[in-house]
1. For residue 126 and residue 1, FRET efficiency with R0 = 51 Å and r from the beta-carbon atoms, rounded to 0.05?
2. Beyond 12 Å, how much of the Cα-Cα pair distribution for the stretch 149-199 remains, as a whole percent?
3. Roughly how many nanometres apart are two label points built 7 Å out from the Cα toward the Cβ at residue 238 and residue 194?
4. Given R₀ = 30 Å, FRET efficiency for residue 179-residue 116 by Cβ-Cβ distance, to 0.05?
5. Relative contact order (percent) for the chain, with alpha-carbon contacts under 8 angstrom and 6 or more residues of separation?
6. Between residue 93 and residue 59, 0.36 nm times their residue separation minus their Cα-Cα distance comes to what?
7. For residue 138 and residue 170 in the same chain, what is the full-extension length gain: residue separation times 0.36 nm, less their Cα-Cα distance, in nm?
8. Put a dot 7 Å past each Cα toward the Cβ at residue 149 and residue 225; how far apart are the dots in nm?
Ligand SMILES: N[C@@H](CCC(=O)N[C@@H](CS)C(=O)NCC(=O)O)C(=O)O
């Protein structure tokens, strides 16, 4: 049984897709990051960097529970555990690892910064907006180029790299990414959305979001973007 302690953001959804694709038995434990639940001492034991997602596998390596943070590592772990969605051929496996790390190092952080400076920063800083918006569009070009040469992102098989990138690209239309300029990306995106596991993820993500919004009614939200406050919350949550 896999416990997924998370929220249905792109980083949470990539693990949900993998769990659905592999058919592992799993359960979602809601962690509302807007309420600061990632700073609770019990959660920090699972995820020392106070981020979602984290998992607990009741049947970890060598037997007994095993806890993990970092969505890319979790995808790789679940792939190795089940023998699914990580190619056995060495070249394809390393290609897949490259594109998984590309998502973790570029797509996630850059799209995240663009979202922050476009929608949440205290001041409208044009330099920062341009920097991260231009970088995000450049990354769509990298994806389109890769998908011109390869059926799937990692290799010619559907892998964890595809699952990692897909949730981050759901809002591509807002960036003007379409079939005209990015035909290979769009072909891939449509293939992703045709997968039953991805469709189940999208439905579940909406349901979990609604459940979490209801549970948060009348409760005080934290300022997720106040980094000083975050550091203090982490210190309080980990005080021995
Ligand atoms: N590299 C991490 C990033 C995780 C991450 O940034 N999670 C965000 C939500 S998508 C979070 O938990 N934010 C809460 C916080 O910063 O306090 C991963 O891929 O697991």
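1. With a Förster radius of 51 Å, E is 0.55.
2. Result for the distance tail: 64 percent.
3. Rounded to a tenth, the inter-label distance reads 4.6 nm.
4. 0.55
5. So the answer I get is 25 percent.
6. Stretched fully, the residue 93-residue 59 segment lengthens by 9.8 nm.
7. Taking 0.36 nm per residue and subtracting the Cα distance, the gain is 9.9 nm.
8. Between residue 225 and residue 149, the label points sit 3.7 nm apart.
Since every read-out is calculated from the coordinates, none of them should be taken as a lab result. This is a predicted model, so every value here is computed, not measured. Every residue, glycine among them, receives a Cβ derived from its backbone with ideal geometry; neighbour counts consider all protein chains shown.
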